[in-house]
Amino acid sequence: MRSRLVKALTYAVGFATVGAMVIYLVNQRDLMDHLRAISLPQLALLTAVTVAGSINFGTRFRGICEVFDVRLTHLEALGLAMTNSMLNYAIPLKGGMVLRAAYMKQRFGLTYTDYGALLASSQLLALAVAGVGGLFWSLIAFAVDGVSSAGLIVVFVGSVIASVALFAVVDFFDFTRIRPAAVGQRLQAFSRGFSEWRRRPWSILRFSASAMLAIAISGLRLIIVFAALGFDAPPLVLMVVASAVWLSGTIPITPGNLGIAEGVIALTAGLLGIDPRLALLAALVERATGLIVVFAMGVPFSSTLLLRTPAHDAPDDPEVGP
């Protein structure tokens, strides 16, 4: 019961945070004028890049599943990825995560414990990639534009060190002795997920390449939005901002990182010399476009997946992954 209450609370906090941001920007008349400057071709380009990011998301999820010998078709992987994103917005208690877990069990026999282990271990890999990507784009932005933030670099380096260290030592712990037992079982499954990844170094490389591409696509979306709004921002600096957003998403607090991502964009942009107000408006435009794509693609896919997934196969505890 407490777990459900916490998830419902984070759901409410995410939407309330975005609502407060929207109210704040509506009162900034000088910024609202920039919205009228967005042209249909620019919106079409932003939508196309967002769809490309969704396809990459599906491809990455397909590669993750192969670590546990689950072979999804490309269309199936894309459908599960988009349905997961859509229902996590629409249902407070990780509705998308529950449906995806039930589908994987019903179609492929993947247990909920293994499914949770798979996603949890992949999140730690994503943390490492975000740190590496952030350092990469930070160095290039400093070399080309002379812009950097010591605080961000410390965060990026710390994320790499923490993820690599945990990845290296996780096998040395016996999590079954941890109490309460439910926590120990989850951590043990987490460790098993890492073992599966280590057996497949090629999968780690594929995942990392896809994640780096995802960061680049996120950065490109920011570049398009800033240009459409008539804001001047160095593209390489926006790539650093995108890396910070990806980093924040590896430990999800709200559905779809709602409110958190927008705050991170405003904060990191401010640290890198961009007006946080402009960055916040750009972040909300990007979010709105992303939501349109998620629901436009998620609705038809979810209808098909729900027909394939009997209700009795859904787990009682929706907390099956990050």
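The values are calculated or read from the model by the stated rules, or taken from the named source; none is laboratory data. A quick note: this is a predicted structure, and the numbers were derived from the prediction, not measured. Cβ: placed from backbone, ideal geometry, glycine included. Neighbour counts: every protein chain shown.
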- Item | Which numbered condition Pro300 fails, given (1) out of contact with any Lys or Arg (no Cβ under 9 Å at 6 or more places or on another chain); (2) touching a residue at least 40 places away in the same chain (Cβ under 8 Å); (3) over 25 Å from Asp145 (Cα atoms) | (2)
- Query: Looking only at the stretch 150-167, which residues are at pLDDT 90 or above and surrounded by 14 or more Cβ atoms within 10 Å (Cβ to Cβ)?
  - Reply: Leu152, Ile153, Val155, Phe156, Val157, Ser159, Val160
- Of the numbered conditions (1) part of a loop (DSSP other than H, G, I, E, B); (2) in contact with a Leu (Cβ under 9 Å, 6 or more places away or on another chain), Gly273 fails exactly one; give the number of that condition. (2)
- If we ask which residues in the stretch 17-33 are more than 12 Å from Leu284 (Cβ to Cβ) and part of a helix (DSSP H, G or I), their number turns out to be 3
- Message: Within the stretch 27-56, take every residue that is loosely packed, with under 11 Cβ neighbours inside 10 Å and over 20 Å from Ile292 (Cβ atoms) and give me the one that is modelled with the highest pLDDT.
- Response: Asn27
- Query: Taking the stated definitions as given, is Ala141 touching a Ser or Thr at 6+ places or on another chain (Cβ under 8 Å), closer than 20 Å to Glu286 by Cβ, of a type in the set (A, V, I, L, M) and at pLDDT 85 or above?
  - Reply: yes
- Can you give me the number of residues within the stretch 88-127 that are at pLDDT 85 or above and aliphatic (A, V, I, L, M)? 3
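State all residues of the stretch 225-253 that are surrounded by fewer than 22 Cβ atoms within 10 Å (Cβ to Cβ) and farther than 15 Å from Ala130 by Cα; if no residue qualifies, say none.
Ala227, Ala228, Leu229, Gly230, Phe231, Asp232, Pro234, Pro235, Leu236, Ile253
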- Of these, Val183, Val264, Val170, which one is in a helix (DSSP H, G or I) and at pLDDT 90 or above? Val264
